[in-house]
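Asker: What follows is a structure written as structure tokens; I'll ask about it next.
The values are calculated or read from the model by the stated rules, or taken from the named source; none is laboratory data. Quick caveat: nothing in here was measured; it's all calculated off a predicted structure. Please note: Cβ atoms are built from the backbone with ideal geometry, for glycine as well, and neighbour counts cover all protein chains shown.
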Amino acid sequence: MSPITVPQMSPYESYRTLGAYLSPLGGTIKAYKVLRIHSLDYATRIQSTTIQKEAALWSYLLYLLP
């Protein structure tokens, strides 16, 4: 086995762990930005479709919420 180098991070940097972006100082700016990008992407995709209301609800529940 060879040793693995663990990078030293600034307390102001956020990094992804288990699907969430965390900062050692507790900042949520990075998480907010990532969630906003996903939300805007979903909104533009769902607006341009002609699916029924029930299908739109299921897509919201199964795609956006998780």
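Asker: Residues of the range 33-66 being of a type in the set (A, V, I, L, M, F, W, C) and in a loop (DSSP other than H, G, I, E, B), which ones? Give the steps one after another, and end with the answer.
Answerer: Going through the range 33-66, the residues of a type in the set (A, V, I, L, M, F, W, C) turn out to be 34-35, 37, 40, 43, 46, 51, 55-58, 61-62, 64-65.
The answer is I51, L65.
Asker: What are the pairs with Cβ atoms under 8 angstrom where one residue, in the range 38-60, is surrounded by 12 or more Cβ atoms within 10 Å (Cβ to Cβ) and the other, located anywhere, is polar (S, T, N, Q)? Sequence gap at least six, or different chains.
Answerer: I46/S59; A56/T49
Asker: Only residues that are modelled with pLDDT of 85 or more and of a type in the set (S, T, N, Q): list them for the range 10-59, please.
Answerer: Of everything in the range 10-59, those that are modelled with pLDDT of 85 or more and of a type in the set (S, T, N, Q) turn out to be S39, T44, Q47, S48, T49, T50, Q52, S59.
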